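The values are calculated or read from the model by the stated rules, or taken from the named source; none is laboratory data. Keep in mind that this is a model prediction, so the values were computed, not measured. Virtual Cβ from ideal backbone geometry, glycine too; neighbours counted across all protein chains shown. Protein only, heavy atoms only, side chains kept; ligands, DNA and RNA dropped before computing areas. Shrake-Rupley method; radii C 1.70, N 1.55, O 1.52, S 1.80 Å.
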Amino acid sequence: MLEKITLGSGDLMIKEFTDTMPAYTDFNAETDLLGRIQGGCTLEYKGTWYEAKDDTGKVVKTIITEEEATLKSGILTWNGKTLAQLCSTARVTEEDKIRKVKIGGVGNHNGKSYAICFHHVDKMDGDIWVVVRAVNQGGFSLAFVKDKETVIDAEFKCLPQDDEGTLIEYVEEIAE
């Protein structure tokens with residue numbers, strides 16, 4: 001069916017990546033939710049190409065030499081634990097109903113990457129899942145203003161998730 005129109009946002013879920021990439025069915029919006037998102041979710045993919053050709057343009061060979069993929073989303077609901085998933089140098093402690101997050105110090109880089117799943121629910125045309133292994137390399141900013149909610153714009157750089165070098169797994173239900 002080519003007439004599918006995708007409307008709306010979805011849920012952004014996260015798990016720490018260990019040795020094996022979880023399947024899209026392993027993510028649970030109740031327990032793995034990174035936060036409610038605002039402004040949707042954007043997946044970007046681009047390749048770098050090399051083209052070799054003769055001076056007359058009659059012989060051309062083109063190959064892909066690099067790939068890059070990013071997943072971007074605004075996170076509306078968050079807390080200090082969320083910051084630890086978005087910043088590799090963050091350290092979280094909790095004591096006496098107080099959560100402290102220390103951020104910074106390159107020696108505190110934890111080396112973690114995350115399995116991230118965006119789930120778009122569509123009862124009419126079928127659900128869509130986008131699954132990536134990634135690290136937030138876009139940093140973050142926190143703007144506290146009197147008449148606007150504080151949204152963290154996360155930019156996750158995708159990493160290979162298997163031995164084939166897969167950057168993105170896109171799964172969709174096929175509606176009848």
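Fraction of C-alpha pairs exceeding 14 angstrom in the stretch 1-61: 75 percent, rounded to a whole number.
Post the alpha-carbon centroid distance, the stretch 142-176 to the stretch 83-140, in whole angstrom. Cα centroid of the stretch 142-176 versus Cα centroid of the stretch 83-140: 10 Å apart.
When the residues S141, S9 are ordered by accessible surface, computed with a 1.4 Å probe over the protein chains alone, the sequence from largest down reads S141, S9. Between K53, K100, K15, the GNM of the chain built on Cα springs shorter than 10 angstrom shows K53 fluctuating the most. Note on the stretch 44-146: along the principal axes its Cα atoms extend 74, 47, 30 Å, ordered by decreasing extent.
Please identify every one of the GluC sites (Glu not before Pro) in the stretch 13-76 that sits in a loop by DSSP and has no more than 13 other beta carbons within 10 Å of its own beta carbon. Write down the numbers at each step before the final one.
Details: sites: E16, E30, E44, E51, E66, E67, E68; in loops: E30.
Passing sites in the stretch 13-76 are E30.
Residues M124, M21 ordered from highest to lowest accessible area at a 1.4 Å probe: M124, M21. Amide H contacts of T166 (H built 1.01 Å from N, in plane; Pro and chain starts excluded): Q161 sit under 5 Å, all sequence-distant by 5 or more or on other chains. A 1.4 Å probe run over the chain, with the rest of the protein chains in place, finds 67 Å² accessible per residue. Computed with the Debye formula from one identical point scatterer per Cα of the chain, without solvent, the log10 of I(q)/I(0) at q = 0.20 Å⁻¹ comes to -1.41.
The share of accessible area on the stretch 18-78 that comes from carbon and sulfur is 47 percent, using a 1.4 angstrom probe.
With 10 Å bins beginning at zero, the pair-distance distribution over Cα atoms of the stretch 31-83 amounts to 19, 27, 19, 16, 11, 8, 0 %.
Summarise the accessible area of the stretch 98-176 (1.4 Å probe, protein heavy atoms) by the percent that is carbon and sulfur.
On the way: 2520 of 4990 Å².
Looking at the stretch 98-176 in its full context, I get 50 percent from C and S.
A Cβ-based charge dipole, computed about the Cα centre of the chain with Lys and Arg at +1 and Asp and Glu at -1, lands at about 1000 debye.
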